[in-house]
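Peer 1: After the structure tokens below, expect a handful of questions from me.
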Amino acid sequence: MTNALGPLEYKSQLDTPFPSQGLDRFLAPTPLVPQRFDQQLFRDKLALFITTASLPYTIAENPHFQAVLNMAQIAPSLAHVKLPSDSTIPINILRVYRGYEDRIRKLFVDIPSFSYTVDAWTSEWRVPFLGITAHWIDESWKQNSIVLGLELLEGSHTGVNMAAAFIRVLEHWNLQEKPFFLTVDNASNMKTMATELELELGSDVFDSKENRIPCIAHIINLAAQDILRDGLKAEARDSEEDILDDRGDNMIASGSAGKILQKLRKGIVTIRASPQWLKKYCDSFKEKNHVDRMIDNEYTEGESSQPVRIIESRELILDTPTRWNSTYYMIARALVVKQVYNRALCGIPELQKFELTDDEWQCLQKISELLFEFARLTPLISGESYPTINLVITAYNRLLNVLEAHIEAWNDNWPELSAAAKVGWVKLQGYYCKATGHVYAVATAMDPRLKYEWWEAENWDEYYSEAIELVNTTWDKRPGRADQLARYINAYTLDDPTSGHSNMIVLDYWRGEVNDWPQLKAMARTYLAIAA
């Protein structure tokens, strides 16, 4: 590095500590700049920085952190990399934010319509917030999403208050005149919010009946919770303390599927509540020649010379009411480590009553099969890098078909599980009957794997004609050559979504195909961007 100072002056500058007026004063009393680079010392300093600042270990992989180090490396002098004060950094953060904000506003100008997802919650300090995320597909057919606002509500979570907060965010981004779709949960205040938005913004911007989309992931969770609560009488508890406080014999009585599930839950909590018993459980993995079969035929540590995968954690999972599909994951993990689980309980009077018999493990296996499809579809339908609204009708049908199969297959030998499956089927069917608007018809048709052929393959004769009419009506409202839609429908249909192809294939199709269908591509871009 070229420097105008002489060697002695330069060495003197190196030996001079930074003034402790900035954030560096928190790192050390006198953080001297070393006279030479030492790699181990550099790593030690980095470790000290991460530790004292309570940062995640992954900070070292953060590209922005790496950019700061690279920038400092090419600084003309040490004075240029002096750390700013803790009062200056917030000003810098705000300036960077304003820069990004201006760029995003310019980006939004060319986007014809948006899909928003909205969620409301109250912080641990009893402060109500409204979170708003925007979704869209850009001209290169890339799926995008960005958090537009985390708005403080003026008052409680009423529909009127949420609508006012939502409009404030739209106005901040100059989006109040752009048409949009709104994906929300099924709470009554969300319905009120949608009505208020239409009154304030106009039906040309937002139609509360046609453009409000019930969150399919939320509906799937509601059905799963009904199965546990109303079907099995064994819903998850709010905390481990609630389970430990319930000392009733009914918690460990054998017999019904629900009581077996409660028995497992009680055993897990009891093991986790004692360091001694938890150690016994962990030590059970170390017993000689012990090999547990993992999910998907994978194995934990053993004497096999074949590559093996140790499951991410052997820790016993406890379900909670607020974490979707956590009951399935609790059972699935228990089934993986069932031999260790029983061995850890054996010989301890306080724990032995929670051991599970082979028949009870078989029952838990059936419950996991009942909940599996819910757990599989939830992340699929919640993806952000590919279209999801086109998967809603297929997801409903998949779940309903699986539940119907369980209801019939288990009616004789597992009547309680058959009845629980029926509870979930009834819940889903109630929402499925409402999923008949033009959004679902158009999104399904714009999926090149589905089009209209899916309705035919599923023998949905009563909805086949209606779906075609809804698509045609939506298409007729758009300017363009009428034959574009017909040519698309008559073109070849890709493999269906269950064939193993990634859902990215939908974006790939519209990105690379049919450049002579501009108006149809515009309609597909609008509807496939809607969040399910």
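The values are calculated or read from the model by the stated rules, or taken from the named source; none is laboratory data. These figures come from a predicted structure and were not determined experimentally. When we count neighbours, we look across all protein chains shown, and the Cβ atoms used for this are built from the backbone with ideal geometry, even at glycine. To get the accessible areas, we keep the full protein, side chains included, count just its heavy atoms, and leave off ligands, DNA and RNA. Shrake-Rupley method; radii C 1.70, N 1.55, O 1.52, S 1.80 Å.
Peer 1: Each label point is 7 Å from the Cα along the Cα-to-Cβ direction; what then is the distance between the points at Glu200 and Arg323, in nm?
Peer 2: Here the modelled spin labels are 3.6 nm apart.
Peer 1: State the extension gain, in nm to one decimal, for the chain segment bounded by Asp412 and Glu101, taking 0.36 nm per residue of separation less the distance between their alpha-carbons.
Peer 2: So the extension gain works out to 105.8 nm.
Peer 1: Note down the nm distance, to one decimal, between modelled labels 7 Å out along Cα→Cβ at Val160 and at Thr52.
Peer 2: Label at Val160, label at Thr52, 5.4 nm between them.
Peer 1: Let me ask something additional. Sort 425-432, 189-196 by the packing proxy (mean of other Cβ within 10 Å over each peptide's residues), most packed first.
Peer 2: Put in order of decreasing packing, that is 189-196, 425-432.
Peer 1: First compute the accessible area of segment 126-169 with a 1.4 Å probe, then give the percent of it belonging to carbon and sulfur atoms.
Peer 2: Looking at segment 126-169 in its full context, I get 55 percent from C and S.
Peer 1: May I pose another question? Segment 361-436 to segment 53-120: how many Å between their Cα centroids?
Peer 2: Cα centroid of segment 361-436 versus Cα centroid of segment 53-120: 43 Å apart.
Peer 1: Full-extension gain between Glu453 and Ala522, please, as 0.36 nm times their residue separation minus the C-alpha to C-alpha distance.
Peer 2: 22.6 nm
Peer 1: Taking 0.36 nm per residue of sequence separation and subtracting the Cα-Cα distance, how much length would be gained by fully extending the chain between Glu384 and Ser87, in nm to one decimal?
Peer 2: 103.3 nm
Peer 1: Further question on the same structure: Based on the alpha-carbon set only, what is the convex hull volume of segment 362-479 divided per residue, in Å³?
Peer 2: 117 Å³
Peer 1: Give me the accessible area per residue for segment 384-493, probe 1.4 Å, as a whole number in Å².
Peer 2: With all protein chains present, segment 384-493 gives 47 Å² per residue.
Peer 1: How much accessible surface does Lys263 have with a 1.4 Å probe, in Å² rounded to 10?
Peer 2: Counting only protein heavy atoms, Lys263 exposes about 10 Å² to solvent.
Peer 1: Related question: For Thr357 and Asp44, FRET efficiency with R0 = 45 Å and r from the beta-carbon atoms, rounded to 0.05?
Peer 2: 0.25
Peer 1: Please report, to two decimal places, log10 I(q)/I(0) for segment 109-245 at q = 0.16, 0.19, 0.20, 0.22 Å⁻¹ as given by the Debye formula with identical point scatterers on the Cα atoms and no solvent.
Peer 2: -0.89, -1.12, -1.19, -1.35
Peer 1: Something else now. Using only the Cα atoms of segment 143-209, what semi-axes does the equivalent ellipsoid have when each is the square root of 5 times a gyration tensor eigenvalue? Give whole Å, largest first.
Peer 2: Gyration-tensor ellipsoid for segment 143-209: 17, 15, 12 Å.
Peer 1: Note down the nm distance, to one decimal, between modelled labels 7 Å out along Cα→Cβ at Gln66 and at Trp460.
Peer 2: Using points 7 Å along Cα→Cβ, the separation is 4.5 nm.
Peer 1: Could you compute how fast segment 42-140 diffuses translationally, taking Rh as the Kirkwood radius over C-alpha pairs and applying Stokes-Einstein at 10 °C with viscosity 1.306 mPa s? Give it in µm² per second.
Peer 2: Stokes-Einstein gives a translational diffusion coefficient of 88 µm²/s.
Peer 1: What ranking of Val205, Val160 comes out by heavy-atom accessible area, probe 1.4 Å, highest first?
Peer 2: The most accessible residue leads, giving Val160, Val205.
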